[in-house]
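Notes to accompany the following structure.
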Amino acid sequence: MKKLHYLFLFIMLASVTVISCDDEQLEGEFSVTGDGSEPGETDPDSDTCQIAFDVLQTAQAAFAASSESNYTQACTTYALALEATIELCGDSSGELQSILTTLGDCTTPDPCLQAELATEAALEALNNATEENEEQLCLAYSAALSAQIEACGDASGSLQATIDNLNCGGDCAAAEIATAEAQEIFNAVDPQDSDAYTAACADYSFALQEQITACGDPDGSLDAIVQELGDCNPPEDDGPVYGTIGGTFTNFDNAVVTIDGSLLSVVATDTDTGDTITFDIVLQQTGDNVMQNTLITIDGVVLTAAPGGTSPFINTITANDGTTIVGTFSGAFTNPDNEEVLTVDGVINITY
């Protein structure tokens with residue numbers, strides 16, 4: 001009996017070095033009863049028992065969070081705390097002794113037991129939550145349940161059912177579910193069915209905006225999707241020339257090829273904005289860097305392909321047979337002051 005008292009005292013003082021007035025370690029026989037006597041029957045309502053439970057909770061939390069490298073130490077401390085609590089407070093249900101037995105000799109990690117204890121602690125914290133931290137603690141409980149499923153399995157499905165029945169986020173959680181459902185419908189819609197596409201897109205955009213209102217959007221990712229959806233017009237088919245220009249997708253949906261002897265002059269236009277890309281090419285000529293005089297006009301500013309610099313303009317033409325021009329292009333363009341202002345990455349698929 002006395003051994004358990006020493007162990008309990010050790011746990012209580014594990015993180016504190018007790019020094020006497022003349023800087024020597026305190027020596028002698030200690031008892032947790034306060035008066036130096038051995039306790040009689042256990043008293044769950046005593047201050048000593050409450051201290052035991054406080055120490056037990058701390059040891060349990062450390063054990064639940066322990067890694068393989070410190071498992072034995074955390075497990076041993078937890079076992080000592082269990083023994084002391086049983087000694088001082090009793091264990092009428094046998095629950096504490098059952099856990100103590102499960103711990104064994106603390107040499108083999110038990111991830112399932114750790115996960116179960118972490119879930120128990122998370123539930124206890126949630127039951128004592130305030131209005132300010134209830135959502136956070138609810139999410140922590142949900143995460144603990146998920147970790148328990150991973151560590152222990154969930155043959156009956158009860159743990160997953162508990163997760164499903166949680167309403168941690170209130171309006172935010174409901175908004176996230178609505179967004180996920182709207183996104184699933186939008187992803188499945190046929191873009192060629194313009195009415196269905198527009199309706200699904202509008203619903204998805206609205207759900208995203210509702211989620212932003214309910215949950216916030218700290219990194220701006222939700223608003224970026226809303227902006228990308230725009231006015232929900234069905235996407236255009238790829239034009240004869242298209243690609244990313246300065247980070248923005250541009251579709252030059254109309255192309256005119258003018259023939260002067262063996263020289264072909266191409267003007268491709270984005271009819272929505274009036275922006276253009278123009279280049280010359282010799283009929284039947286294919287291979288690398290055969291495009292000539294390549295210009296892009298954006299918002300009325302003429303930009304010139306830059307063969308040198310940090311991102312040299314390159315192009316490859318794979319077909320140029322008098323009816324089609326097929327190829328790719330990429331690289332930097334400079335403004336009238338010869339400054340590199342944007343890069344492009346495009347595709348040519350012209351039939352004329």
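The values are calculated or read from the model by the stated rules, or taken from the named source; none is laboratory data. Computed from a predicted structure; not experimentally measured. Every residue, glycine as well, gets a Cβ built from its backbone with ideal geometry; the counts of neighbours run over all protein chains shown. Each accessible area value is taken on the protein alone, full model and side chains, heavy atoms only, with ligands, DNA and RNA left out. Shrake-Rupley method; radii C 1.70, N 1.55, O 1.52, S 1.80 Å.
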Note down all Cβ pairs under 8 Å where the first residue falls in segment 257-285 and is open to solvent by 30 Å² or more (accessible area, probe 1.4 Å), the second is small (Gly, Ala, Ser) and not in a strand (DSSP E or B), and they're at least six residues apart or on different chains.
Val282/Ser262; Leu283/Ser262; Leu283/Gly322; Gln284/Ser262; Gln284/Gly322
Are there any pairs with C-beta distances below 6 angstrom linking a residue in segment 287-316 that is on the phi < 0 side of the Ramachandran plot to a residue that is assigned to a loop (DSSP other than H, G, I, E, B) and aromatic (Phe, Trp, Tyr), with the two at least 6 apart or on different chains, and if so which?
Ala305/Phe313; Ala306/Phe313; Pro307/Phe313
In segment 113-130, residue surrounded by the fewest Cβ atoms within 10 Å (Cβ to Cβ) [restricted to those that are over 25 Å from the mean Cα position of the chain (by Cα) and in a helix (DSSP H, G or I)]:
Asn127
What are the pairs, 6+ residues apart or on separate chains, where a residue within segment 85-100 that is of a type in the set (D, E, K, R) has its Cβ under 6 Å from a residue that is in a helix (DSSP H, G or I)?
Glu87/Leu4; Asp91/Gln97
Which numbered condition Gly170 misses (of (1) modelled with pLDDT of 90 or more; (2) in contact with a helix residue (DSSP H, G or I) (Cβ under 8 Å, 6 or more places away or on another chain); (3) of a type outside the set (A, V, I, L, M))
(1)
Do the conditions hold for Asn254, that is, is it modelled with pLDDT of 95 or more and over 30 Å from Ala224 (Cα atoms)?
no
Answer with yes or no whether Phe53 is modelled with pLDDT under 90 and closer than 25 Å to Leu145 by Cα.
yes
If I go through segment 202-238 residue by residue, how many of them are closer than 29 Å to Ile348 by Cα, at pLDDT 90 or above and open to solvent by less than 70 Å² (accessible area, probe 1.4 Å)?
5
Mind telling me which of the residues Val341, Val347, Val326 ends up being among the β-branched types (Val, Ile, Thr), open to solvent by 70 Å² or more (accessible area, probe 1.4 Å) and either part of a strand (DSSP E or B) or in contact with a His (Cβ under 8 Å, 6 or more places away or on another chain) (or both)?
Val341
Are there any pairs, at least 6 apart or on different chains, whose C-beta atoms fall under 6 Å, with the first in segment 185-205 and more than 9 Å from Cys232 (Cβ to Cβ) and the second open to solvent by 50 Å² or more (accessible area, probe 1.4 Å), and if so, which?
Pro191/Pro235
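Mind checking whether some residue in segment 174-186 is of a type in the set (D, E, K, R), touching a strand residue (DSSP E or B) at 6+ places or on another chain (Cβ under 9 Å) and surrounded by 13 or more Cβ atoms within 10 Å (Cβ to Cβ)? Can you show your working first?
Within segment 174-186, the first condition is being of a type in the set (D, E, K, R), and the residues that meet it are 176, 181, 184.
After this cut, where a residue has to be touching a strand residue (DSSP E or B) at 6+ places or on another chain (Cβ under 9 Å) as well, the list is none.
The answer is no, given that none of the residues of segment 174-186 is of a type in the set (D, E, K, R), touching a strand residue (DSSP E or B) at 6+ places or on another chain (Cβ under 9 Å) and surrounded by 13 or more Cβ atoms within 10 Å (Cβ to Cβ).
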Determine, yes or no, whether Leu96 is out of contact with any helix residue (DSSP H, G or I) (no Cβ under 9 Å at 6 or more places or on another chain), hydrophobic (A, V, I, L, M, F, W, C) and either at pLDDT 90 or above or under 19 Å from Leu159 (Cβ atoms) (or both).
no
